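The values are calculated or read from the model by the stated rules, or taken from the named source; none is laboratory data. Please read all numbers here as calculations on a predicted model, not as lab measurements. FYI the Cβ positions are ideal-geometry reconstructions off the backbone, even for glycines, and counts take in every protein chain you see. Just the protein is used for accessible areas: all its heavy atoms, side chains included, with ligands, DNA and RNA removed. Shrake-Rupley method; radii C 1.70, N 1.55, O 1.52, S 1.80 Å.
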Amino acid sequence: MILDNYFKQTANNKYILIIFVILFGFFLRAYDLSNQGYWMDEWNNLFWTNPQYNFTQSNEIFLWGELAPSPYLHVLKYFFYFFGYTTENGKLLSIILGTLCIPASMILSYQIKQTNLYLYSGFLVSLNIFLIWQSQEVRLASFALLMSLINISLFITIFNNQFTKKIFFVSFI
């Protein structure tokens, strides 16, 4: 591989490159955020995830009023509760979740093939225009991708018997 000789020179080069790829992806997701408008479904997400509703009211609203899965809406609601109920914070959550997809995809790529290809996959995920676009909107896509990547990664880990029995049962409780 091209990067194998480069990484043999110093061990810190790999970590610097990983941090660069993640920060580059974050920059692309956060760039020109204020010029983006809101679609009607984004306004619906903002309206239904008002932190003034209690948990029971929110569950009823999420069950009957909104088509997005309720775990995402609960995460969005409690993000608003802790950081303020503003439209910018809704987009900030999507940017954070979209940025977390980069290291999650790198981990999954490394689990599949233990080479330096995970850096290329992380770079491709950070440059993916659709993922950048979805990370700039208050939508489910970034959350769903992150949960899917974590799910697949856990499945591969369990399948390869890398968990002890104690950690295996704790992770599903």
Handout entry: helices (runs of 4 or more DSSP H) contained entirely in region 47-147, each with at least 1 residues that are modelled with pLDDT of 85 or more and more than 14 Å from the chain's Cα centre (by Cα)
Key = 70-83, 87-112, 117-127, 129-135
Problem - Residue selected from region 3-43 under the condition open to solvent by less than 70 Å² (accessible area, probe 1.4 Å), over 19 Å from W133 (Cβ atoms) and over 17 Å from the mean Cα position of the chain (by Cα), by the criterion modelled with the highest pLDDT - result: L17
Problem - Members of region 67-79 found to be touching an Asp or Glu at 6+ places or on another chain (Cβ under 9 Å) and surrounded by 14 or more Cβ atoms within 10 Å (Cβ to Cβ), listed by number - result: A68, L73
Exercise for the section: Considering every residue within region 80-90, establish whether at least one is hydroxyl-bearing (S, T, Y), within 22 Å of D32 (Cβ to Cβ) and either in contact with a helix residue (DSSP H, G or I) (Cβ under 7 Å, 6 or more places away or on another chain) or open to solvent by less than 20 Å² (accessible area, probe 1.4 Å) (or both). Expected result: yes
